[in-house]
Amino acid sequence: MSEWFTKRTLGQVTASAAENWGDREALVFEKKRWTWREFEEEVCQAARGLIAAGICPGEKVAVWMNNKPEWLFLMFAIAKIGGVLVPLNTRYRTEDIKYVLAQSNTGTLISDDQSGPVSYLKLIQDVIPDSGKLQEPNTRIAQFPDLKRIIFVGEQTLPGTQLWSTILSKANETPIEALHERERQVDPDDLLLIGYTSGTTGDPKGVMHSHINIRNCIERAAILGISFNDVHINYLPMFHIYALSEIMMISALTGAKQVLMGNFDAQSALELIETEKVTLAHGFDTHWKDLLDAQKQSRRDTSSLRLGTLPAGTEATIPIAELVQDVFCPTVSGFGMTETWAFAALSFPTDTREQRIYASGYPMTDIQFKVADPLTEEPVATEELGELMVKGYTLMLGYYEKLGITNESYGQDGWFKTGDTAKLRPDGRLVFLGRYKDMLKVGGENVSPAEVEAHLMKLEAVHAVSVVGYPDDRLHEVGVAFVIRKGNSPLLESDITSHLRGKVASFKIPKHVIFVDEFPMTSSGKVQKVKLRSLARSILD
């Protein structure tokens, strides 16, 4: 029996968009605009250039660029010719790039030369000082034996590298029929991308996905009622699965227009929402908080917004989500991660306000959730905390070249162990509460760091806070609050504990408070709690 869902490849999506919505606007970036027909022409030109450059089916093509139209065109072009996209975090620096390029067996690196104060060209020169070898026949660079070419989108080059403009100028060397033949060779079950995780506990892991998650995007668009009448604003980093899935792919699948920003600036985003009549906005609570603050400072007409996505459910997100409903538009919540795709769970626009703010969505079609005891993998009772486990077609194919870690991440009967703390409500909705390994066990009681952090963030003098565990002979472990003061605030440890006293159970109050100037962060902007735990031990032991 054939599958009910017609599989297709990502490379086919833009051709369909051009056919269905040819003269409708597809993309706006700064002062330039593209229709869907023009968008597909750009994608095909890029694809023909890549073929002319010698990129083969299955070759890993790493893209290290900030938000710009070329990123979009390349994403679809790489898929169209059967390449494998490796999106690189723009906050990566030399050690990150060195590891990911080698571990992914990247054959082609396409990079910005410069973006603001950051010289990507200089960073690449530091990592690959002998790039000149790339132009020597039958010569490989020892650390990167699979690397064949480096292409810069800009005006600067290094020895042995090429400019993207030069690649495009040779696109006509690839006949149209040769491009179509390459397209026909791509199978929807082929590897589409390798997305690297943030690596809060070690080296980043390359998460592999095929083209199948186009289905998830189509179903999500249907739930949210997205059509060619909609306008997305995209300020999310394009290397992130959130932007790639929720905006970049869904826009092409529905004919919706995408208003692209080079980087996130809340005031500029509000201006674009007003002038472009944006209907859909997306972001984490940090994005929405900045938008709320900017709107308070200088009010813009955002009445065109009909819906937003805001992954919610944790204590910290709830007050922000409440304000967004009143100031901007209704939002839907959801849950996803690189390994499960975004979103594996989603709210319905018809859900109650409480369900859209206090929960993290309902499992999408053919995706199962289980909240289990992490040791036995047996389901826990409704409303009880446990580790979230997921099963379904959106799950990754595995971690690239890490079979052992892939096997360890799956439990019995194919359940993927997310490492996240969650609970399931009586109405079937999920509530995501943070990383399971971050959960504290104080005297036998579970303590959610996110809950404590949310209470402390209500203190005017607190700029940021992160709570971790510290070993304790009597209670097994106790909480340590790392706090960044706001400005020159004279905030004391006693202010922290007295603020919590009477608001939360006594076992939830951190036993120690450590004031710091900054937190150790991953390249994706996540707090590295494992380093904070080490810091706590070095200070308190």
* Lys, Arg +1 and Asp, Glu -1 on Cβ, resulting dipole of region 439-540 about Cα centre, debye, nearest 20 -> 140
* Taking H as built 1.01 Å from N, whose amide H comes closer than 5 Å to the amide H of Phe335, not counting residues under 5 places away? -> Ala344, Ala345, Leu346
* Using a/c under 1.5 as the rounded threshold, could you call region 1-115 rounded, prolate or oblate? The axes a ≥ b ≥ c are square roots of the C-alpha gyration tensor eigenvalues, and prolate needs a/b larger than b/c, oblate otherwise. => oblate
* Asked: Amide H to amide H, which residues 5 or more places from Val513 or on other chains are under 5 Å from it, using H placed in the peptide plane?
  -> Ala481
* **Backbone HN-Hα couplings from phi across region 403-417 [Karplus 6.51/-1.76/1.60, Hz, Gly and Pro as x]** => 4, x, 5, 4, 4, 5, 7, 10, x, 6, 6, x, 7, 7, 8
* Could you give the angle, 0 to 90 degrees to the nearest 10, between helix 214-224's Cα long axis and the longest principal axis of the Cα atoms of the chain? -> 60
* Structure fact -> Counting sequence-distant residues (5 or more places) and residues on other chains, those with an amide H built under 5 Å from that of Arg485 are His463, Val516
* Highest average packing first - 88-97, 383-392, Cβ atoms within 10 Å -> 383-392, 88-97
* Derived scalar couplings ³J(HN,Hα) [region 110-126; Karplus, 6.51 cos²θ - 1.76 cosθ + 1.60; whole Hz; x for Gly, Pro] -> 10, 9, 4, 8, 8, 9, x, x, 8, 9, 5, 4, 5, 4, 5, 4, 5
* Asked: Tell me, what ³J(HN,Hα) does each residue in region 358-363 have, in order and in whole Hz, if you take phi through Karplus 6.51 cos²θ - 1.76 cosθ + 1.60 with θ = phi - 60° and put x for Gly and Pro?
  -> 9, 10, 10, x, 10, x
* Along its principal axes, what span do the Cα atoms of region 271-330 show, with the longest given first and each in whole Å? -> 34, 22, 16
* **Where N is the number of residues in region 439-540, Cα Rg divided by 2.2 N^0.38 Å** => 1.02
* Rg and Dmax of the chain, Cα atoms only, in Å -> 23.9, 74
* **Sequence ranges 216-224, 61-69, ranked by mean other-Cβ count within 10 angstrom, highest first** => 61-69, 216-224
* Asked: Charges only on Cβ, +1 for Lys and Arg, -1 for Asp and Glu: so what's the dipole of the chain about the Cα centre, in debye to the nearest 20?
  -> 420
* Taking the Cβ of Thr275 as the centre, find all other residues whose Cβ is under 14 Å away and add up their charges (Lys, Arg: +1; Asp, Glu: -1). => -1
* Hey, how much of the P(r) for region 99-230 falls beyond 17 Å, as a percent of Cα pairs? -> 73
* **15 Å beta-carbon shell around Ala266, net charge (K/R +1, D/E -1)** => -2
* **chymotrypsin sites (Phe, Trp or Tyr not before Pro) lying in DSSP loop within region 14-55, provided at most 12 other Cβ fall within 10 Å** => none
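Each value in this text was obtained by applying a stated rule to the coordinates, not by laboratory testing. Bear in mind the structure is a predicted one, so any value in this text is a computation, not a measurement. Counting neighbours? That spans all protein chains shown, and the Cβs are built from the backbone with ideal geometry, glycine included.
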